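Values in this text are rule-based calculations from the coordinates and carry no lab data. In this text the structure is predicted, and so the values were computed from the model without any measurement. Reconstructed Cβ throughout: ideal geometry from the backbone, glycine too, with neighbour counts over all protein chains shown.
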Amino acid sequence: MPEPQEIHTPAITKITPFWLQWLFVEYRPSNEAVPSLGRRNRVLRIIATRLAQGLLTLLLASAIIFAATEILPGDVAEAILGQSRTEEALATLREEMGLNRSAIVRYFDWLGGMVQGDLGTSLATKRPVADMIVSRMWNTLRLALLAAAISVPLSLALGLWSAMRAGGRVDKTLAMTTLAIIAVPEFFVGLILMKIFAVELRWLSATANTRPYYDFWENFRALALPVATLSFAVVAHMMRMTRSSVINIFTSPYMEMAALKGLPKRRLVLRHALPNALSPILTVIALNLSYMVSGVIIVETVFGVPGLTRLLVDGVSLRDIPLIQACAMIFGSVYILLNLLADILSIMANPRLRYPK
Amino acid sequence: MTDILTIKHLRVEGHPPGGAYVPIVKDVSLNVGKGEVLALIGESGSGKSTISLAAMGFARPGCRIAQGEVWLNGRDIMALSPRDRHALRGDEVSYVAQSAAASFNPALRIGRQVIEAPLWHGAGDASTLTADAVNLYRKLDLPNPETVGQKFPHQVSGGQLQRLMAAMAMSCGPDLMILDEPTTALDVTTQIEVLKAFKDIIRDQGTAAIYVTHDLAVVAQVADRILVLKNGEMVEAGPTDQILHDPQRDYTKTLMAAVRPAPHLVNHRDTVAARPPVVSARTLTAGYGTVTVLSDVSIDVPAASVVGVIGESGCGKSTLARVVAGLTPLRKGEIMLDGKAVAPNLADRPREALKDCQIVFQMADTALNPRHRISDILGRPLEFYQGRKGSARADRVGDLLELVDLPRSFASRYPGELSGGQKQRINLARALAADPKVILCDEVTSALDTVVAAGVIDLLKALKDRLGVAYMFISHDLSTVASFADEVVVLYAGRVVEKGPSKAVFSPPFHPYTKLLLSSVPEMQQGWLEGVANTIEAKAASAGSVVIGAKGCPFSNRCALAIAGTCETVVPPVRELSGGLQIACHLAADHLPLS
């Protein structure tokens with residue numbers, strides 16, 4: 001049997017069009033003999049490549065974000081002057097703000113500022129964007145971290161349980177419930193939870209405003225509902241992915257081999273299937289975690305959380321372009337960073353890469 | 001003799017997704033005594049694997065044991081609760097699968113998997129079991145028995161992995177061992193080591209065994225009794241000697257007739273008159289990443305003739321085909337198709353060159369798009385190369401199907417509705433659609449049953465005579481190559497060690513490696529294994545493993561005749577012998593092995 005040539009495909013290539021794949025290509029048969037590297041070096045080299053690719057992706061994201069705000073009708077000067085603008089005033093302001101320069105120059109100017117930590121000045125509040133973001137960041141991050149701490153272990157456990165009982169009553173019930181949860185929009189789940197627990201039972205708070213002097217129970221009352229709402233959607237998704245990745249592995253000959261050793265189902269799933277299913281599971285966890293940070297707009301709106309996405313929504317309605325750009329860059333970075341982390345973890349989980357022949 | 005296993009009136013049923021249950025195994029009864037080996041033989045679909053799994057009370061998903069009794073160590077295990085029956089597996093009965101590479105969990109270290117069953121069944125603690133496993137490794141002649149358990153499955157070779165799986169099956173000290181085609185995926189040279197290991201262990205431990213295989217020559221070596229199966233029913237049962245030499249039933253006789261004679265017993269055709277080569281490759285060197293798979297390989301395929309390429313797995317046979325087809329980049333060398341030099345890369349070749357050289361892959365299943373109808377699969381090359389459309393295309397698709405002995409009506413079918421042999425014929429028809437001068441056949445019969453494979457070979461011969469197409473026929477099956485090829489190239493570790501007309505290659509003098517290959521092809525006589533495993537050549541060969549990119553002769557570390565100080569450091573000269581034979585060896589022509 002010819003040994004198949006090892007090609008490590010990062011998860012992202014599966015969804016990337018072929019003409020963009022060169023970005024993610026890990027290995028190609030080449031005409032040149034490559035000097036062989038030691039075990040540690042090889043993994044390090046793959047990780048370094050992946051990091052460089054992440055940086056490049058971030059750069060692309062910044063260009064797209066800048067271009068998108070450029071395409072919006074009207075520029076910053078128009079936004080500042082509003083309805084009362086005159087042509088002269090516009091021209092003067094554009095001159096002052098350097099908006100007459102070409103888009104390329106302004107892009108690099110903006111990018112340079114970003115790199116040095118200068119996110120620009122908000123048009124609406126005249127405060128530095130960085131300050132505004134820092135004051136809001138913690139609220140979003142706290143929601144996301146709490147939701148992650150609950151949803152990741154929960155969805156793994158439920159997914160594995162479901163996989164162990166595939167086709168059984170537990171599996172079917174979980175499948176139906178999660179499908180229903182995915183199908184119902186988040187704001188609706190949030191409102192129902194609010195109606196039950198905050199309005200009717202009065203156990204929990206309907207708004208997620210916390211104060212620094214709150215004790216544990218007050219914090220819990222404030223945060224329970226938004227965290228639960230946020231977890232609901234991602235648990236369903238992550239659980240289903242965990243279940244299907246593990247079940248996928250059930251059909252492989254080594255699972256049959258392990259079953260014929262007389263091992264119980266629990267051991268088969270945890271010891272034999274799970275280590276091999278880690279890579280897709282990590283990817284879907286990363287996707288869901290980045291969604292938690294960037295996609296919590298609805299949860300923050302429903303529960304009145306003063307978080308980052310609220311800031312972004314406000315920025316859009318006030319056409320506060322520097323703020324929009326900065327928020328978009330932060331969400332982009334989180335997304336890229338988490339996916340990068342998932343990729344690196346699945347490289348390290350692969351014994352073929354850790355221990356070459 | 002006490003029976004370890006008795007199966008009475010077994011009936012196993014399976015159902016296709018959404019379909020009703022249909023019988024796979026019908027009314028099969030058998031028994032295996034202590035220290036006895038019972039072989040189940042038959043073509044694929046005969047139910048032999050299903051029966052062997054049923055001996056563990058196990059049915060694959062989608063199947064069920066509908067009827068019958070399975071008595072193991074004096075109790076009917078089908079009467080036990082599923083939990084109690086499951087507890088017997090890996091304790092009283094263990095299993096060795098066909099592909100060790102697929103049956104070891106890639107994410108776990110080997111040692112842990114080997115001792116997993118006895119550890120779980122409470123046969124001892126991890127350290128004693130590991131010590132026992134190391135003893136087993138030593139008994140199985142595994143290199144580095146102390147440390148091999150620390151490795152991951154991808155770090156050891158296929159033959160070693162197969163022996164490690166035997167260790168895994170033995171580690172629980174079973175009363176019954178199920179061996180499901182355990183050497184089918186191995187090279188002939190490795191097969192000898194593994195067969196020997198199985199035999200020794202069964203003899204030493206007095207284990208009862210069921211040995212499933214379709215290879216009759218292997219059966220002759222290991223089995224005490226044989227059960228012949230067809231479509232899930234028993235055809236004939238009896239002692240090995242009787243079944244092999246005095247079969248009673250017609251079906252058994254057909255099976256025996258399909259066995260090809262050993263390569264050196266074939267009547268070789270005389271050398272054909274020199275024809276211009278359709279493929280002429282010079283000093284090809286290619287590889288993947290850091291590994292050089294082919295070095296300095298030159299090969300000519302004359303028009304309308306068959307050039308066989310033989311060698312063990314990993315010797316670069318498939319890479320050679322891929323390089324000639326332009327699928328794998330070339331580091332050095334040049335390729336001429338039909339007298340014209342062509343670019344090494346597929347994308348840079350003109351359409352005419354693409355048309356001339358077609359390839360057929362080993363796995364008929366994966367080479368056909370399951371969502372395309374046969375008419376589309378064959379129609380695409382017709383459109384691409386000849387611009388045929390509409391009814392001209394449909395007509396030609398029908399012609400092609402007839403050419404490969406399939407009915408025209410197959411055009412509207414999907415690959416999933418075809419058998420393995422039929423799929424391989426479609427693959428061949430697709431290659432023929434381009435109207436090529438040469439077809440590169442990469443192990444095209446290796447995945448097929450003996451009888452079906454013989455049919456495909458006959459078809460290839462007929463097509464060659466009718467269309468004048470040439471083949472580069474890659475195979476590890478020496479008997480097939482010997483009966484079919486005009487010329488033979490022997491590859492070892494990416495280098496040509498011997499080439500010439502088949503008659504000359506398969507008769508003395510031999511390159512030491514060719515000799516090893518030829519003597520490793522199992523023969524139908526009982527006792528052959530013991531004889532061959534003890535020869536100096538076989539011992540020398542099993543002592544080393546294939547080294548790619550060796551400085552001198554790549555075979556020197558496994559050669560019984562190696563000249564110390566010369567062979568491992570200097571690239572061997574190519575000796576031109578009579579009859580157009582070329583042998584790359586340091587041994588002078590009159591010192592080369594003769595028999």
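Brief remarks follow.
- The label-point distance for B:A392 and B:V259, in a model that sets each label 7 Å from Cα toward Cβ, rounds to 5.3 nm.
- Low-density loop cleavage sites - trypsin sites (Lys or Arg not before Pro) in region B:1-109, where at most 15 other Cβ are within 10 Å (DSSP): B:K34
- Whichever lysines have a C-alpha closer than 21 Å to that of A:K172, once near sequence neighbours (fewer than 8 apart) are set aside: A:K265
- Axis angle, to the nearest 10 degrees, between helix B:126-139 and the longest C-alpha principal axis of chain B: 50 degrees.
- For B:S29, residues with placed amide H under 5 Å, excluding near neighbours: B:H9, B:L10
- Per-residue Cβ neighbour rank within 10 angstrom, fewest leading, B:C63, B:C567: B:C63, B:C567
- Restricting the calculation to Cα atoms, every distinct pair contributes to the Kirkwood radius of region A:172-246, found to be 13.6 Å.
- Neighbour-count order for A:M114, A:M238, fewest beta carbons within 10 angstrom listed first: A:M114, A:M238
- In chain B, helical runs assigned H by DSSP with n ≥ 4 each contribute -39500 (n - 2.57); averaged across all residues and rounded to the nearest 500, the mean residue ellipticity at 222 nm is -10000 deg cm²/dmol.
- Gyration tensor verdict on region B:392-474 (Cα atoms; rounded if a/c is under 1.5, prolate if a/b is larger than b/c, oblate otherwise): oblate
- Kirkwood Rh in Å, taken over all unlike Cα pairs in region A:129-316: 18.1 Å
- Kirkwood Rh in Å, taken over all unlike Cα pairs in chain B: 25.9 Å
- Rounded to the nearest 10 degrees, the inclination of helix B:374-386 to the longest alpha-carbon principal axis of chain B is 20 degrees.
- Angle in degrees between helix B:420-433 and the longest Cα principal axis of chain B, rounded to the nearest 10: 10 degrees
- Viscosity 1.567 mPa s, temperature 4 °C, Stokes-Einstein D of region B:119-217 from Kirkwood C-alpha radius, µm²/s: 91 µm²/s
- Figure legend: label point modelled 7 angstrom from the Cα of B:Q205 along Cα→Cβ; residues of region B:17-56 with amide N under 15 Å from it are B:34-37.
- Among A:T309, A:T207, A:T229, the residue with the largest mean-square fluctuation in a Gaussian network model of chain A, with springs joining Cα atoms closer than 10 Å, is A:T207.
- 5 angstrom amide H check on B:A39, placed H, neighbours 5+ away: B:Y211, B:D224, B:R225, B:I226, B:L227
- As a ratio to 2.2 N^0.38 Å, the alpha-carbon radius of gyration computed for region B:512-591 takes the value 1.21.
- Percentage relative contact order, chain A, counting C-alpha pairs under 8 Å, at least six apart: 25 percent
- Region B:1-47: C-alpha gyration tensor shape, a/c 1.5 cut-off, then a/b vs b/c: prolate
- The rule of thumb for compact globular proteins, 2.2 N^0.38 Å, goes into the C-alpha radius of gyration of chain A 1.20 times.
- For chain A, calculated [θ]222 nm from helices alone, where every DSSP H run of n ≥ 4 adds -39500 (n - 2.57): -22000 deg cm²/dmol
- Kirkwood Rh and Cα Rg combined as Rg over Rh, evaluated for the protein assembly as shown: 1.04
- Couplings for region B:315-320, taken from phi via the Karplus curve 6.51 cos²θ - 1.76 cosθ + 1.60 with θ = phi - 60°, read 8, x, 4, 5, 4, 4 Hz in order; Gly and Pro are left as x.
- Inter-probe distance in nm under a simple model that places probes 7 Å from Cα toward Cβ, at B:K8 and A:A67: 7.8 nm
- Three semi-axes describe the equivalent ellipsoid of region B:348-413; taken as square roots of 5 times the Cα gyration tensor eigenvalues and ordered largest first, they are 20, 17, 11 Å.
- Residues whose amide H falls under 5 Å from that of B:L108, counting only those 5 or more places apart or on a different chain, are absent, with hydrogens built in the peptide plane.
- Neighbour counts of C-beta atoms inside 10 Å place B:T450, A:T49 in the sequence A:T49, B:T450, starting with the fewest.
- For B:K503, the aspartates and glutamates whose Cα comes closer than 13 Å to its Cα, not counting residues fewer than 8 places off in the same chain, are B:D270, B:D486, B:E487.
- In the distance distribution for region B:265-505, Cα-Cα pairs more than 22 Å apart total 52 percent.
- Region A:45-70 versus region B:151-214: alpha-carbon centroid distance in Å: 51 Å
- Excluding same-chain neighbours fewer than eight residues apart, the lysines reachable from B:K199 by a Cα-Cα span under 21 Å are B:K34, B:K48, B:K139, B:K539.
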